[in-house]
Amino acid sequence: MAEYISGLSPVATVIISVALMLFLGFLSTRITKRIKLPNVTGYILTGIIIGPYCFNMVPTEIIEGLSFLSDIALAFIAFSVGEFFKLTTLKKNSAKVLIITAAEALTASLFVFILTFYILNLSLGFSIILAALASATTPASTIMTIRQTGAKGDFVDTLLQVVAIDNVLSLIAYSVCVSVAFTTLSSAPLNLKDILEPVLSNIFAMVLGAGFGFLMKLSMPKKRSTDNRLIISISFLFAFCGICALISVSPLLGCLMMGTVYINISGDDKLYKQLNYFSPPILLLFFVRSGLNFNLGAMFDFSASSTGMPLLIVGVCYFAVRIIGKYIGAFFGSALAKKKKNVRNYLGLALIPQASVAIALASLAARTLGGKLGSDLETIILAASILCEIAGPALAGLSLKLSGSYSDKLEDVTAVEELDESGNKLSEAEMLIRRIQAIQKEIPPHSLNEENEEAFTEAAEEYYLSPNQRISRFKNRR
C-alpha cells in the first residue's frame with residue numbers, strides 16, 4: 001500500500017498518509033478503552049502495525065518528513081508540565097519533594113546503567129543515554145489515573161510534584177548525557193568543555209524560554225479574544241522550537257520554563273486547558289510515527305542489533321530494572337524526607353508510567369546519534385514504554401488504593417454520623433442516604449475534559465461574533 005500512496009502526487013501522498021495515521025490511531029483507542037489501557041499504547045501499536053515491518057501502509061519519505069513532530073510534541077508536553085510549577089504550591093513541600101525526586105530518579109538511572117554497562121556489556125555511550133532516559137516519568141498516565149479514581153490527599157499531592165520535578169531532572173540529565181555519550185561513541189577525548197557546553201546551552205534555552213513566557217503574557221491581555229490567545233500561544237511555541245532547532249538545542253527545558261513563567265505571572269490556567277484540547281491530534285501523530293520507527297526485526301535478531309543481542313532482552317531488562325530502581329529510590333527518598341508510611345511504601349509503584357517524555361527524548365537522541373545505534377535506542381525505549389503503559393496505570397491505581405487516597409467502599413469515601421439529632425442510631429438505609437448526599441456535595445460541577453472543551457469551544461464561538469458582540473463580551477469580562 002505504501003508503494004501505491006507514494007505513486008500519487010506529493011500533496012495527495014502527505015494528506016492521505018496523515019489522514020490514515022489519524023483515523024487508525026483513533027480506532028485503536030476504541031480497543032484500548034475497552035481493556036483500560038492508555039491511548040498512548042494504542043497509538044504506538046497502530047504505528048507498529050501500519051509500519052514498514054508489518055503492513056507497510058505509510059511511505060518511508062512521509063515517516064522521515066514528519067521527524068519535526070518530536071520537537072512540536074515535546075514543546076506541548078513540556079509547556080503543559082510547567083503548569084504544575086506554581087511557586088505557591090512548590091513552597092509547601094519543595095525540600096521534601098526534591099529529596100524524594102532526586103533519590104528515585106538517580107536510583108533508577110544508576111540501576112539501569114549497572115545493568116546495561118556491566119551486565120549486558122553494552123557500550124558506555126549507549127548505557128549512559130539509557131540510564132538518563134530511565135529517570136523520566138510521564139505525567140499523562142499518572143494524572144489520568146488520579147482523575148479516574150478521584151484520589152486526593154498528601155500522597156496525591158506528593159506524587160504530582162515528584163512527577164513534575166522528575167521530568168525536569170530527566171531533561172537536564174538527558175541534555176548532559178547525550179553530549180557525553182556522543183563524545184564517547186565518536187572516540188574523541190572527553191574534556192570539561194563536552195560537559196559544560198550542553199549545560200550552558202540548556203541554561204541559555206531556559207533563559208530564552210523565560211523571556212518567551214514573559215512576552216506571551218504581554219501579548220495576551222485580558223481583553224484578547226480566546227481564539228487569538230490560542231493562535232499566539234501556538235505561534236510562540238513553534239517559534240521557540242524553530243530557534244532551538246536553529247542553534248541545535250533541545251526545546252524541552254525552554255518550553256518548560258516558558259510554561260512555568262507564564263502560569264506564575266498570569267495565573268491563567270485556562271490557556272493550558274485550551275492547548276490540552278488542541279494538542280491531541282499532534283500527539284497522536286507523534287506517537288503513531290514513533291511506532292512506525294519501531295524495528296520489529298531487531299527485537300529478535302542478534303545480527304540486526306548494534307548491541308550484540310536481541311533488543312527484546314535489553315528492553316525487558318530495562319523495564320524490570322527501572323521499576324526496581326524507582327521503587328527503592330522512592331522508598332528511601334520518602335524515608336529521608338520523613339514522609340508518612342503510606343507515601344514511603346507505595347509512591348514508587350505510581351512512578352512506573354513512561355511514555356511521552358521518554359519517547360520524545362529517545363526520538364531526539366536517535367536523531368543525534370543517527371544510524372543503527374539511534375534506531376536501536378528508539379526501539380528499546382518504545383518496547384519498554386509499551387510495557388510501562390500496560391503495567392504503569394494498573395500499578396499507579398494500586399498505589400493510590402493501598403495508600404488510602406481513594407476507596408471503592410462507600411463508607412470509606414465519606415464519613416457520616418451514626419446517630420441522628422435525637423441521639424438514636426441511624427438505620428443502614430438512612431446512613432446510605434446521608435453518604436450519598438455527602439458525596440453529591442463533593443462532586444465538582446464539571447470534569448476537566450468538559451473544561452477543556454468549554455475553553456476550546458468558547459474560542460470557536462467567539463470567532464463568529466460580530467465586532468459589536470465582541471466589544472460587549474470584553475466589557476462583561478471586565
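General observations
- Lysine pair count for the range 1-153 with Cα-Cα distance under 26 Å and sequence separation of 8 or more or different chains is 7.
- Projected onto their three principal axes, the Cα atoms of the range 83-131 cover extents of 46, 19, 10 Å, largest first.
- Shape analysis of the range 233-362 places it in the oblate category; the axes a ≥ b ≥ c from the Cα gyration tensor give an a/c of at least 1.5, with a/b not above b/c.
- In terms of its C-alpha gyration tensor, the range 60-115 has an oblate overall shape, because the principal axis ratio a/c (a ≥ b ≥ c, square roots of the eigenvalues) is not below 1.5 and a/b does not outweigh b/c.
- Scattering profile of the range 1-113 at q = 0.10, 0.13 Å⁻¹ [log10 I(q)/I(0), Debye over alpha-carbon scatterers]: -0.52, -0.76
- Relative packing of 110-118, 8-16, which averages over residues the other C-beta atoms within 10 Å, highest first: 110-118, 8-16
- Per-residue SASA entry for S375, accessible area with 1.4 Å probe, Å² rounded to 10: 40
- Calculated FRET efficiency, S9 to F55, Cβ-Cβ distance, R0 = 22 Å: about 0.45 to the nearest 0.05.
- Approximate spin-label separation K86-M1, in nm, with each point projected 7 Å along Cα-to-Cβ: 4.6
- For the range 34-181, the spread of Cα coordinates along the three principal axes comes to 51, 41, 28 Å, biggest extent given first.
- The stretch between F204 and I282, if pulled fully straight at 0.36 nm per residue, gains 25.4 nm over its current Cα-Cα span.
- With the convex hull of the Cα atoms taken as the outline of the range 23-67, the averaged projected area works out to 3.3 nm².
- These residues, Y53, Y318, go from largest to smallest accessible area, 1.4 Å probe, as Y53, Y318.
- Zone of S248's modelled label, taken as backbone nitrogen in the range 338-376 under 20 Å from a point 7 Å along Cα→Cβ: 361-375
The values are calculated or read from the model by the stated rules, or taken from the named source; none is laboratory data. Everything numeric here is computed off the predicted structure, so don't read it as measured data. For neighbour counting, all protein chains shown are included, and Cβ atoms are generated from backbone atoms with ideal geometry for every residue, glycine included. Surface areas here come from the heavy atoms of the whole protein model, side chains and all, with no ligands, DNA or RNA. Shrake-Rupley method; radii C 1.70, N 1.55, O 1.52, S 1.80 Å.
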